[in-house]
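Only one structure is covered here, and it is reproduced in the block below.
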Amino acid sequence: MDKITHEIRLNHWMQIVEQCQARPEGQSAKQWLTDNGICSKTYYYWLRKIRRLAYEQSASNSIIQPAGTGNAVATVASEPEVPVSFAEIPFRIGNESSDSHNNCFQPTAVVKTGKASIAFSNEAVPELMASVIREVLGCA
C-alpha cells in the first residue's frame with residue numbers, strides 16, 4: 001500500500017474511531033459498531049494502529065488530530081527540559097458587580113481531559129500553552 005493510500009485510510013479510520021468514542025452514553029462500542037456496519041476486528045485493528053501512532057507522536061512532542069475535523073494538526077517543537085511549576089491564579093466571576101465585567105476572565109480555548117480542565121486566553125504565550133498541555137497529557 002502506498003503512503004497516500006495509507007494516509008487516506010488512516011484519516012478515515014481516525015474519524016470512525018472519533019465517532020465511536022462520541023457515541024451516545026449507555027451504548028456499548030459493540031452495539032455502535034453493529035449499528036454502523038463496522039467489523040469489530042477491523043475497528044480494533046485500526047484503533048491499535050491509531051493509538052500506536054499517537055503514542056509515537058506524543059513521544060516526539062506532537063499532538064495528533066484527525067483530518068477533516070476542522071482542527072489544524074499542532075506540533076510542539078522540542079525544548080530544553082525546564083522544571084514546570086503550577087500556581088492557581090484567582091479571578092472574579094463576572095456576576096459579582098457591573099464593574100467586574102471588564103476584569104472577568106473570558107477563556108478563548110478550554111482543554112479538557114478526564115482529570116483536568118485548563119482555560120487559556122488570547123494573551124497566553126504559545127510556549128506556556130504548549131508546556132502546560134504536554135504536562136497535563138503526560139507527554140513530557
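Here Asp35 and Thr5 are evaluated by their C-beta separation; at R0 = 22 Å the FRET efficiency comes out at 0.20. One Cα centroid belongs to region 107-122, the other to region 1-62; the line between them spans 25 Å. Ordering of 45-52, 22-29, 128-135 by packing is 128-135, 45-52, 22-29, highest average first (other Cβ atoms within 10 Å, averaged per residue). Charge tally around Arg48: other residues with Cβ under 13 Å, Lys/Arg +1 each, Asp/Glu -1 each, net +3.
A short reminder: the numbers here are calculations on the coordinates, not readings from a lab. Source: prediction; values computed, not measured. Note that each Cβ is placed from the backbone with ideal geometry, even for glycine, and that neighbours are counted across all protein chains shown.
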